[in-house]
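Structure first, commentary second.
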Amino acid sequence: MDYKQSQISTEDEIVGTYGTAWIEWMEIHHEELVREMKRKNTFLEVARSVDDTAWEYRNLLDRQYEEQHPRPETFEEIVRWERTREYYTDSTVMRESVLIPITTP
């Protein structure tokens with residue numbers, strides 16, 4: 001394993017799932033902002049903040065989804081319900097909290 005791979009896995013552990021997705025998106029779409037935040041040593045702090053905020057938002061969306069769409073009782077319906085809820089909450093969190101150019105925690 002080379003150094004860059006081990007560094008990325010360490011960052012993944014530090015910043016979480018949504019923070020990692022934000023890092024990857026920012027590095028592709030906003031290289032100059034990434035360089036600026038790295039110079040200021042705020043890049044990982046912002047990534048952790050994005051992850052925390054995204055999980056809070058996802059928990060809120062999960063609760064709202066369950067209120068609006070009560071959990072069914074049969075196995076097949078539960079599986080379908082879980083997949084739909086997962087898709088709805090995750091895609092909403094990604095669009096509204098993660099895939100945006102945030103520069104401050």
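FYI, it's all coordinate maths here, none of it is from the lab. This structure is a prediction, so every number in the text was calculated from the model and none was measured. Every residue, glycine as well, gets a Cβ built from its backbone with ideal geometry; the counts of neighbours run over all protein chains shown.
Hey, with R₀ at 35 Å, roughly what FRET efficiency would residue 32 and residue 87 work out to, going by the Cβ-Cβ distance, to 0.05?
Details: r = 33 Å, r/R0 = 0.94.
FRET efficiency, residue 32 to residue 87: 0.60.
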Rounded to 10°, Cα long-axis angle of helix 43-68 versus longest principal axis of the chain: 10 degrees
Of 78, 23, 14, the one that fluctuates the most in a GNM where the chain has Cα springs shorter than 10 Å: 78
Nearest-ten-degree value, helix 3-29 long axis tilted from longest Cα axis of the chain: 70 degrees
Principal-axis tilt of helix 75-93 within the chain, Cα atoms, nearest 10 degrees: 30 degrees
Selection from 78, 44, 98, by position along the positive dipole direction of the range 3-98 (Cβ): 44
Proportion of all alpha-carbon pairs of the chain beyond 15 Å (%): 66 percent
Within the chain, helix-based [θ] at 222 nm, where runs of 4 or more DSSP H residues each add -39,500 (n - 2.57), nearest 500: -26500 deg cm²/dmol
